[in-house]
């Protein structure tokens, strides 16, 4: 799961117009990837790229931004924020910071990608036979770029249409070519991508929250199996690259990844889901407690709705360090229990002597929740209960979420009671899968629930079959 964004501007008053808008909007998708970031602009002839590790624009002073603006000219461009998924064998992929760039019949193009493509050996060999020299041994992004760059098709869109059916997995793409931005979604629409515009720009973004800073309005989602071509004059064309489509939107976007104010699927926001899920959770798993507290910030909306439905006071029992990173998205090898102590601090004057219920968005590896419970007991809580706004995650994901091995998923290896004992809570309960579906307001058939029920919307990788 990464953040991708593309902008094309018309009648640019500044040569670096796209750069400033990309920097503004890019901040609003930085929550989708905190390991590295890249920005690319084009003046129609040349492309200019800057890549860096860390969070988006981290370390960019006003002086450095001005220097980059002088370099990064043009009225169109791309942004990518990196959340590296897991390659074969459960090892983290190298930090191939995007956007990737290459040439198609002598003309440059750039590509930002979100998702996970697998069974790559045949595709890599095909690109090698056509003369591509790979930089990375594992990057699925480079495979996509290589196949487009080495296509024998004369037209770029025809080359893209040739390549897309070869790709197995889940993906959204934003491509910059010939001054135009091109949006693509896989045939199931698993990963998000939407279209927005203001008076002088059109935008493609993983999430609609990136539109607000430049006063852009949400138009619609890019549809499953669709290519959208946008020039500075506006949307030129919608093309179906496959007729074999079926909407299977990733429900974990509602649960965790997306910002609450983003419109995700059928005009449902992440806030809508989390608010409804908190109410349903209260119906399915009530608690006897003196106060409800959120595991910040992912649990905030769930906790508000849960507390309201039960008539139990909601208090800020855990204070979040605003500079802490998202625990789930921390690089592999990170001690998430230690990270949780850095990220959140219990407020003893709120918790002391109370029966406390912590509301979480999800429990994946069970590497954070035990520390949160322990901190509450250390702060004087009489009882600590845990409620979770998503069902138990029992199955691996190969569609772009970093949950690649069963052994790391607590629900795949331990019962609910065993998990409660590991956490150290007085009680533990999750919303049901049916409750989750109800909270989205969408039919089951339009959702990817694979990490909860094991029903994958697309054929699993060879190593999983």
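Observations, loosely collected:
- Boolean, residue 412 is in a strand (DSSP E or B) and surrounded by fewer than 20 Cβ atoms within 10 Å (Cβ to Cβ): no
- Residue selection: residue 148 satisfies the criterion of being under 21 Å from residue 105 (Cβ atoms), in contact with a helix residue (DSSP H, G or I) (Cβ under 8 Å, 6 or more places away or on another chain), modelled with pLDDT of 95 or more and surrounded by 18 or more Cβ atoms within 10 Å (Cβ to Cβ).
- Output for segment 354-370, where each listed residue is farther than 24 Å from residue 305 by Cα and over 20 Å from the mean Cα position of the chain (by Cα): 367
- Qualifying strands (runs of 3 or more DSSP E) (wholly inside segment 229-329; at least 2 residues being touching a helix residue (DSSP H, G or I) at 6+ places or on another chain (Cβ under 9 Å) and surrounded by fewer than 22 Cβ atoms within 10 Å (Cβ to Cβ)): 234-240
- So residue 59, is it in a loop (DSSP other than H, G, I, E, B), modelled with pLDDT of 95 or more and more than 24 Å from residue 183 (Cβ to Cβ): no
- Residues of segment 394-409 satisfying the condition of being at positive phi and surrounded by fewer than 15 Cβ atoms within 10 Å (Cβ to Cβ): none
So that you can scan it fast, the table gives a plain yes or no per residue for (1) crowded, with 22+ Cβ neighbours inside 10 Å; (2) within 30 Å of residue 20 (Cα to Cα); (3) not assigned by TED's automatic domain parsing to the domain that holds residue 52:
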residue	(1), (2), (3)
113	yes, yes, no
116	yes, yes, no
126	no, no, no
140	yes, yes, no
184	yes, yes, no
194	yes, yes, no
199	no, yes, no
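- The one condition in (1) modelled with pLDDT under 95; (2) at positive phi that residue 298 fails to fulfil: (2)
- Restricting attention to segment 199-213, the residues being under 21 Å from the mean Cα position of the chain (by Cα) and not in a loop (DSSP other than H, G, I, E, B) number 8.
- Which numbered condition residue 64 fails, given (1) at pLDDT 90 or above; (2) over 20 Å from residue 179 (Cα atoms); (3) in a helix (DSSP H, G or I): (1)
- Some residue of segment 244-251 being closer than 16 Å to residue 304 by Cβ and modelled with pLDDT of 95 or more: no
- Flag for residue 183 being on the phi > 0 side of the Ramachandran plot, touching a residue at least 24 places away in the same chain (Cβ under 8 Å), in a strand (DSSP E or B) and within 18 Å of the chain's Cα centre (by Cα): no
- Selection count, segment 346-382, where residues are farther than 17 Å from residue 420 by Cβ, assigned to a helix (DSSP H, G or I) and without any contact (Cβ under 8 Å) to a residue 40 or more places away in the chain: 3
- Residues of segment 347-354 include at least one that is surrounded by 22 or more Cβ atoms within 10 Å (Cβ to Cβ), in the same structural domain as residue 278 (by TED's automatic domain parsing), modelled with pLDDT of 95 or more and touching a strand residue (DSSP E or B) at 6+ places or on another chain (Cβ under 9 Å).
- Members of segment 95-127 found to be without any contact (Cβ under 8 Å) to a residue 12 or more places away in the chain and not in a loop (DSSP other than H, G, I, E, B), listed by number: 121, 122, 125
- With respect to (1) in contact with a strand residue (DSSP E or B) (Cβ under 8 Å, 6 or more places away or on another chain); (2) within 24 Å of residue 273 (Cβ to Cβ); (3) modelled with pLDDT of 90 or more, the lone exception for residue 378 is condition (2).
- Test: residue in segment 11-25 that is surrounded by 17 or more Cβ atoms within 10 Å (Cβ to Cβ), over 22 Å from residue 218 (Cα atoms), out of contact with any helix residue (DSSP H, G or I) (no Cβ under 9 Å at 6 or more places or on another chain) and in the same structural domain as residue 110 (by TED's automatic domain parsing): no
The values are calculated or read from the model by the stated rules, or taken from the named source; none is laboratory data. Bear in mind that the values here come from a model prediction, so they are computed numbers and not experimental data. Neighbour counts run over all protein chains shown; Cβ positions are idealised from the backbone, glycine included.
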